[in-house]
Amino acid sequence: MEKLIIGNLKMNLLPNDTMEYVEKLSTAKSNSVGVALPYTSLIVACDELHKRGFMLGAQNMFYEENGAYTGEVSAEMLRQCGCDFCLVGHSERRQKFNESNKFINKKIKSLLKHGIRVVLCVGENANERDLGKTKEVLTKQIEDALAGLYENELMSIIIAYEPMWAIGSGKTPTTKQVASVAQFIRKIINNNFSDKAGESIVLLYGGSVKKDNAKKFLQVAGIDGALIGGASNNASDFVELIDLV
Ligand code: PGA
């Protein structure tokens, strides 16, 4: 299976620069590419990305259908902007906006209801890693986020393992550590759903993936793709990375 590469533009990319970014990205050879864009770029990018068979994603949403939630964007709003997927539980949202696992679970349910795939980001921070709590943290994050879901809904869930200490830091775990976490995440899914679900869930690695290390992480057993932040900011560089793998 072709590896899935998802870019996370974070709070970068202006509406005026979006078309140029997408046109450059469209020259990538792979067909298995998605980009999570700022809300303000979604409608601009939608048609061109879909023409190329790429997936369009958002970086956040709120779980209510509508109402007095100033500044929030619902799943249906994203769907009507052409979103195929949405990031949920990114560490920057957990850390800077205090998002809890319970809150994340509500978002996931709303996205699934509206037919939008979920990229659920999980990962331990440096302190938790040093205390040997990685497995405990991942189990809680995944079990709480997926609580109440039916097994068939897992087809619409992608899990991205992003150790918090690796995001934007240039530091990365070893491939052996990533392989062991991938195996562990599949085991969590086995225990909570079924062996089949554990085998087939799509797993990404994210955290300081660049041109010079992307191939290495994509070859790790049990890893189906990568979630890429900083290295997706420049479309030409991002295309080079995609074409390498
Ligand atoms: P990074 O970010 O590639 O810049 O480390 C990854 C992410 O935040 O998803």
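Annotations
- Excluding ligands, DNA and RNA, the accessible surface per residue across region 1-60 is 48 Å² with a 1.4 Å probe.
- Cα shape, region 133-240, gyration tensor, a/c 1.5 rule: prolate
- GNM top mover of 149, 56, 25 - the chain, alpha-carbon springs below 10 Å: 149
- Ordering 211, 29 by accessible surface, largest first, gives 29, 211; the 1.4 Å probe counts only protein heavy atoms, with every chain in place.
- Rounded, prolate or oblate (a/c below 1.5 giving rounded, otherwise prolate when a/b exceeds b/c) for region 1-64 by Cα gyration tensor: oblate
- Probe 1.4 Å - accessible area at residue 162, Å² to nearest ten: 10 Å²
- In the full protein context, region 77-164 carries 47 Å² of accessible surface per residue, based on a 1.4 Å probe and ignoring ligands, DNA and RNA.
- Pairs from the list 96/196; 109/187; 24/211; 140/196; 51/171; 29/216 with a Cα-Cα gap above 24 Å: 96/196; 51/171.
- Build a GNM of the chain with springs between Cα atoms under 10 Å apart, and of 82, 53, 225 the one that fluctuates most is 53.
- Value at 222 nm in deg cm²/dmol, rounded to 500, when DSSP H runs of n ≥ 4 in the chain each add -39,500 (n - 2.57): -12000 deg cm²/dmol
- For region 191-245, the solvent-accessible area with a 1.4 angstrom probe is 43 square angstrom per residue.
- Shape descriptor for region 63-105: Rg over Rh equals 0.98 (Cα atoms; Rh from the Kirkwood inverse mean 1/r).
- Note on residue 200: accessible area is roughly 80 Å² with a 1.4 Å probe, heavy atoms of protein only.
- Accessible area ranking (1.4 Å probe, heavy atoms, ligands and nucleic acids excluded), largest first, for 62, 193: 193, 62.
- Carbon + sulfur, % of accessible area of region 1-40 - ligands and nucleic acids excluded, 1.4 Å: 57 percent
- Among 130, 84, 144: highest mean-square fluctuation, GNM of the chain, C-alpha pairs under 10 Å: 130
- Measuring only protein heavy atoms, the 1.4 Å probe finds residue 239 accessible over about 20 Å².
The values are calculated or read from the model by the stated rules, or taken from the named source; none is laboratory data. Everything numeric here is computed off the predicted structure, so don't read it as measured data. With ligands, DNA and RNA removed, areas are computed over all heavy atoms of the protein, side chains included. Shrake-Rupley method; radii C 1.70, N 1.55, O 1.52, S 1.80 Å.
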